[in-house]
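Just below is one structure, and these are the notes that go with it.
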Amino acid sequence: METETSNTSATSPATIAAAAAGPLAVGGVLALRLSDPAPLVAVPAVVFAVAALTLPALYIATAAFGAAPPIGRVMRAVGTALCSLGLVYAGLGLPLLFLGVSSGERTAFVLGAATVGVGAVIGLRRLYGELYGREGGGRGGELAIGRRVLFWTWAGIAVVIGARLFAELTMEVVL
């Protein structure tokens, strides 16, 4: 029964809306403060482009390593992680708005970038938990360590790609 609920919740309209609303909120706050629409497009573009471009590599690498979870679980985990990331961004939207309007443009940009980074780390942690958290650490210790190293190496690369894309899309607004 729990599996059936989680199957539908990862693709429900509410989950998809939550995943999209948070990045739009953070981008909207930055766009409002910086008087430029670039962040409104940049934040959702970074979130979804990095996910779309890097998640296949994670799955291929874990499959080659022999530790790939079933594709259904991967899809549910990605949906859950994106929803969590969106909720974090939505929750940080109002504090970011308050701090952004009470600070200079560069400080507001740095706060927005930090918000994007914090949400990404929380989303990645949630993704790891959804993908591998159920299996426990006792089974196949070497496999679990290798999977952990593989995942967090991929996550580090994805964060660097996301940071670079975010900077490319928004830095000229602040400079």
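The values are calculated or read from the model by the stated rules, or taken from the named source; none is laboratory data. Predicted model, so just to flag it, every value in this text is computed and none were measured. Here the Cβ positions follow ideal geometry from the backbone for every residue, glycine too, while neighbour counts run over all protein chains shown. Remember, those area values only see protein heavy atoms, side chains included, never the ligands or the DNA or RNA. Shrake-Rupley method; radii C 1.70, N 1.55, O 1.52, S 1.80 Å.
Considering Tyr59, Tyr89, the condition of being aromatic (Phe, Trp, Tyr) and touching a residue at least 60 places away in the same chain (Cβ under 8 Å) is satisfied by Tyr89 alone.
Please verify whether Ala155 is at pLDDT 95 or above, among the hydrophobic types (A, V, I, L, M, F, W, C), farther than 23 Å from Ala17 by Cβ and within 20 Å of the chain's Cα centre (by Cα), treating the condition exactly as stated. Yes. Open to solvent by 60 Å² or more (accessible area, probe 1.4 Å), at pLDDT below 90 and of a type outside the set (Gly, Ala, Ser): is that true of Thr15 in this structure? No: the conditions fail for Thr15. If you go through segment 95-112 one residue at a time, do you hit one that is exposed (fewer than 13 other Cβ atoms within 10 Å of the Cβ) and among the polar types (S, T, N, Q)? Yes, segment 95-112 contains a residue that is exposed (fewer than 13 other Cβ atoms within 10 Å of the Cβ) and among the polar types (S, T, N, Q).
The residue pairs whose first member lies in segment 102-113 and is closer than 17 Å to Gly28 by Cβ and part of a helix (DSSP H, G or I), whose second member is modelled with pLDDT under 90 and open to solvent by 40 Å² or more (accessible area, probe 1.4 Å), and whose beta carbons are closer than 6 Å, counting only pairs six or more residues apart or on different chains, are Ala108/Arg33.
Out of Arg76, Arg33, which single residue is modelled with pLDDT of 90 or more, assigned to a helix (DSSP H, G or I), open to solvent by 40 Å² or more (accessible area, probe 1.4 Å) and not hydrophobic (A, V, I, L, M, F, W, C)?
Answer to the check: Arg76.
Just one of the numbered conditions (1) open to solvent by less than 40 Å² (accessible area, probe 1.4 Å); (2) within 16 Å of Glu168 (Cβ to Cβ); (3) of a type in the set (A, V, I, L, M, F, W, C) is not true of Ala51: (2).
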